[in-house]
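Written below as structure tokens is the structure these notes are about.
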Amino acid sequence: MENKKGNEVTLVAGVINATGKMLYWKCDFEIHIGDYAIVQNMNGHDLIKVVGLVKTTKNTVGRFANTKYENMKEVISSAEGILE
């Protein structure tokens, strides 16, 4: 989620089920810790469990992710309705 200032963003910390590795995705809608989400990855899409939310700025994304904000993959949607 991006605030009115245009610089604050929310990153979703999630664990990829196949690898158990924790990564970060940018998110522009409300999501909660414990939700499952469909996210972009290098080979298409993946299902993750949301384990954290990080409020940061576009300039400091590099402290969490290995890329700039503009290059980050996105959360596509919450999977809560799909999994119930």
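Tabulated data
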| read-out | value |
| --- | --- |
| Length-normalised contact order for the range 1-61 - Cα pairs under 8 Å, 6+ apart - percent | 39 |
| Most positive-pole-ward Cα, PHE64, VAL54, VAL12, against dipole of the chain from beta carbon charges | PHE64 |
| Cβ-based net charge around ILE16, under 14 Å, with every Lys or Arg adding one and every Asp or Glu removing one | +2 |
| Computed magnitude of the charge dipole of the chain (debye, nearest 20; Cβ of K, R +1, Cβ of D, E -1) | 460 |
| Extension reserve of the ALA18-ASN41 stretch, reckoned as 0.36 nm per residue once the Cα distance is removed | 7.1 nm |
| Where Cα atoms sit under 19 Å apart: lysine pairs in the range 8-83 separated by 8 or more or lying on different chains | 12 |
| Sum of side-chain charges, THR67 neighbourhood, beta-carbon under 13 Å (Lys, Arg +1; Asp, Glu -1) | +3 |
| Distance (nanometres) between label positions extended 7 Å along Cα→Cβ at GLU70 and GLU30 | 3.2 |
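Rule-based calculations on the coordinates, nothing more; no lab input. Everything numeric in this text was worked out from a predicted model, so none of it was measured. Positions of Cβ are generated from backbone atoms using ideal geometry, with glycine treated the same way; all protein chains shown enter the neighbour counts.
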